[in-house]
Amino acid sequence: MSDSLDASLLRSVAMFPLPNVVLLPGALVPLHIFEPRYRDMTRDVLDGSGLIAMARLRDGYEADYHGRPPVHETLGVGRVIASDELDDGRYNILVRGLVRARVVEEMAPETSYRRIRAEAIPDGEAAAEVLAALHRKLIVLCDQLADALDQGGEQLHELVRNESDPCACTDVVCAALVTEIDERQRLLETADPAERMSYAMHHVNRLIGEFGPSSPLMS
């Protein structure tokens, strides 16, 4: 996704590791913040850049969950676009995915939560005409899927037309339709936009086969 993000903002960014959340560019992820360390994190994020690095915990994290368990090096960086602090100090926040990024290093612990230095992962090279052709095919497939849905079809129609950039459109389609956590992580780690678009088309085509007329998919 082509959102511009100043590299200096990633020199020290709060990291929120979770076992079953992968933040793709363009995704909107609601989060309920209740652990004291992540309340501290949210307060600092809201007072600062608004950025959070959402990292997926690796298998076996349970043994060191309250420490510094290992995470997948490729993560999503997003911005808190809405927040609500509850009376008891908990937060409800909404995070919008901005960019793919990789962990460069984890900072020495100076806060109750983890901070990292990260760098954005740029999209790989791909010919504009190739991406444009794939984009057109993806829109056609999404329209076919949308027409088969009883609920959410209009949302899907709008989704693919609100993003004119092929890479951004692919990311928001995958963020909305790909639910399997390992597949979302693989998409996050795929820098080649043509490969992501090919995956998206295959996935949407499979959904067309699975969901018949009057089937709800998006809520």
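The values are calculated or read from the model by the stated rules, or taken from the named source; none is laboratory data. Since the structure is predicted, the reported quantities are computational estimates derived from the model, not experimental observations. Because the Cβ atoms are built from the backbone with ideal geometry, glycine has one as well, and the counts that use them run over all protein chains shown.
Annotations
- Residues satisfying the stated conditions in segment 97-134, i.e. in a loop (DSSP other than H, G, I, E, B) and in contact (Cβ under 8 Å) with a residue 40 or more places away in the chain: 107, 109, 111, 112, 113, 121, 122, 123, 124, 126
- Verdict on residue 10 being surrounded by 19 or more Cβ atoms within 10 Å (Cβ to Cβ), out of contact with any helix residue (DSSP H, G or I) (no Cβ under 6 Å at 6 or more places or on another chain), farther than 19 Å from residue 185 by Cβ and of a type outside the set (Asp, Glu): yes
- Criterion: without any contact (Cβ under 8 Å) to a residue 12 or more places away in the chain, charged (D, E, K, R), more than 19 Å from residue 13 (Cα to Cα) and not in a strand (DSSP E or B) - qualifying residue of 59, 84: 59
- Answer from 41, 54, 1 - the residue that is at pLDDT below 95, among the aliphatic types (A, V, I, L, M) and either surrounded by fewer than 18 Cβ atoms within 10 Å (Cβ to Cβ) or outside the structural domain of residue 193 (by TED's automatic domain parsing) (or both): 1
- For segment 34-55, the count of residues that are touching a strand residue (DSSP E or B) at 6+ places or on another chain (Cβ under 9 Å), closer than 29 Å to residue 160 by Cβ and assigned to a loop (DSSP other than H, G, I, E, B) is nonzero.
- The set of residues in segment 62-81 that are of a type outside the set (A, V, I, L, M) and free of Cβ contacts under 8 Å to residues at least 24 places away in the same chain comprises 62, 64, 65, 66, 67, 70.
- Only a single item in (1) in a strand (DSSP E or B); (2) surrounded by 18 or more Cβ atoms within 10 Å (Cβ to Cβ); (3) under 17 Å from the mean Cα position of the chain (by Cα) is not met by residue 30, and it is number (2).
- Against the test of being closer than 30 Å to residue 11 by Cβ and not assigned by TED's automatic domain parsing to the domain that holds residue 72, the options 172, 140 yield a single qualifying residue, 172.
- Matching residues in segment 141-199 - criterion: being surrounded by fewer than 21 Cβ atoms within 10 Å (Cβ to Cβ), of a type in the set (Asp, Glu) and within 15 Å of residue 97 (Cβ to Cβ): 163, 165, 189
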